[in-house]
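Q: Structure provided below as structure tokens; questions to follow.
The values are calculated or read from the model by the stated rules, or taken from the named source; none is laboratory data. The shown structure was predicted, so the numbers you read here are calculated from the model rather than taken from an experiment. Glycine also receives a Cβ, built like all others from the backbone with ideal geometry; neighbour counts cover every protein chain displayed. Note: accessible area is taken over every heavy atom of the protein model, side chains too, but ligands, DNA and RNA are not part of it. Shrake-Rupley method; radii C 1.70, N 1.55, O 1.52, S 1.80 Å.
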Amino acid sequence: MPSSSNDKAPWQQAGSAAADARRGEDPVWTGLLPAVPPADPAPEPGRDGAPARESGAEPAEGSAAAGGSGRAPGGSRAVGAVDVGEDDEPDAEARRRAALRRDALADEPRFPRLQQVFLALLLPLALLAAAVRTVATPLFLWAEYHRPGFPADRYGFSTDERMVYGSYGLDYVLNWAPPEFLGGLVGAGGGRLFLGSEVAHMTDVKIVLQSALAAVAVLAVLGLVSSLYLRAKAPGAASGALFFGSWLTVVLLVLLAVAAVLGWQQFFALFHSLFFAEGSWTFRVSDTLIRLYPTQFWMDAAITVGALALLGALAVMAATWPTAFRRHRALDRVRRRQELKRRLAGR
């Protein structure tokens with residue numbers, strides 16, 4: 001038994017009344033699949049505005065369209081017939097206009113599912129990258145060094161010295177300076193602050209961090225273009241993908257939080273082993289990197305990154321939640337788009 005139109009979501013009902021009276025309604029995008037199959041191309045109109053003949057129909061005897069010379073049997077010229085050469089240009093123009101109308105009716109998005117999957121997977125990466133870049137700032141460094149309970153340096157760095165030397169390390173991983181920017185620093189006693197192995201590890205961090213941020217930035221630009229494209233050609237598809245991506249981000253953050261709580265050291269070691277060579281990221285507690293960025297610093301940084309990414313995911317979720325108002329707004333865009341396509345098709 002066919003289902004009632006009331007069983008459909010609002011954006012699936014665009015043109016449903018007209019579909020009952022007319023076969024081949026234009027497609028209505030629900031965010032994943034068209035609710036109504038696309039129409040077959042309309043037949044080309046004739047020169048006098050009448051529909052063209054069905055394929056396979058027999059041409060009238062003596063007509064010019066039948067491929068003859070426009071003359072009646074016996075060699076006399078038929079009344080109203082024109083030579084084939086005289087009709088070539090109007091026919092070419094009619095075919096051109098018909099092709100334009102077909103293009104307008106067939107204006108469907110390219111690879112909508114693939115673009116939706118891309119947007120859903122991109123959102124967690126973009127939110128995490130934005131959170132990491134927010135944490136990698138002097139403001140977070142100052143807040144960590146001045147917050148109550150942050151462990152003091154047992155080897156003599158004051159809070160101000162930590163702030164100065166820690167800022168150098170932070171600047172180095174974000175700028176394009178050579179290793180001498182960090183390796184040339186000297187402490188109060190005149191000795192070098194960072195060992196060669198510490199500078200080498202910070203160089204590796206620079207490469208990984210800047211490459212990751214640049215890659216996510218490029219993907220974010222592509223995601224923005226894809227969102228605008230889907231918004232124009234498939235209303236509701238982009239918001240549906242982002243809504244799913246926000247839930248995917250929440251699930252991913254929960255899994256990472258559970259892994260970190262159950263074993264921080266194992267989680268920290270696994271994370272470093274994915275990006276750095278074995279043995280290149282382990283140091284003594286008396287080395288400058290450990291004195292400036294102790295374990296508590298990285299735990300607080302991970303918590304802050306997770307909290308910022310979670311807030312971003314919740315904001316996207318709230319902005320794309322499929323409420324009745326947003327469904328009706330998408331439906332209105334679909335109706336306006338269909339009306340424009342009908343006008344372009346000359347209906």
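Q: Tell me, rounded to the nearest percent, the portion of alpha carbon pairs in the range 151-281 spaced more than 21 Å apart. Please report the intermediate quantities before stating the final value.
A: Details: 5431 of 8515 pairs.
So the portion of pairs separated by more than 21 Å is 64 percent.
Q: Moving to a separate point now. Counting just the Cα atoms, what span does the range 107-216 cover along each of its three principal axes? Round to the nearest Å and put the largest first.
A: 72, 34, 18
Q: Using only the alpha carbon atoms of the range 192-240, find the Kirkwood hydrodynamic radius as the inverse mean reciprocal pair distance, in angstroms to one decimal.
A: Working: mean 1/r = 0.0738 Å⁻¹.
One over the average 1/r among Cα pairs gives 13.6 Å for the range 192-240.
Q: When the expected Rg is taken as 2.2 N^0.38 Å, what fraction or multiple of it is the alpha-carbon Rg of the range 129-172? Display every interim value, and only then the final one.
A: Values: Rg = 11.2 Å, N = 44, 2.2 N^0.38 = 9.3 Å.
So the Cα radius of gyration is 1.21 times the expected 2.2 N^0.38 Å.
Q: Can you give the convex hull volume of the alpha carbon atoms of the range 155-202 per residue, in Å³? List each step's numbers first, then the result.
A: Working: hull volume 3.6 nm³, N = 48.
About 75 Å³ per residue, rounded to a whole number.
Q: Given R₀ = 30 Å, FRET efficiency for L121-D171 by Cβ-Cβ distance, to 0.05?
A: Details: r = 32 Å, r/R0 = 1.07.
According to the calculation, E is roughly 0.40.
Q: To the nearest 20 debye, what charge dipole does the range 124-189 have about its Cα centre, counting +1 at the Cβ of each Lys and Arg and -1 at the Cβ of each Asp and Glu?
A: Values: 4 positive and 6 negative charges, 43 e Å.
Result for the range 124-189 is approximately 200 debye, rounded to the nearest 20.
Q: Moving on to the next point. Carbon and sulfur atoms: what percent of the 1.4 Å accessible area of the range 179-332 do they account for? Walk me through the intermediate numbers first.
A: Working: 6300 of 8420 Å².
The C+S portion of the solvent-accessible surface of the range 179-332 is 75 percent.
Q: Which three extents, in angstrom, do the Cα atoms of the range 224-302 have along their principal axes, listed largest first?
A: Extents along the principal axes: 60, 26, 22 Å.
Q: In Å², what does the accessible area per residue of the range 127-268 work out to with a 1.4 Å probe?
A: Working: 7720 Å² over 142 residues.
That works out to 54 Å² for each residue.
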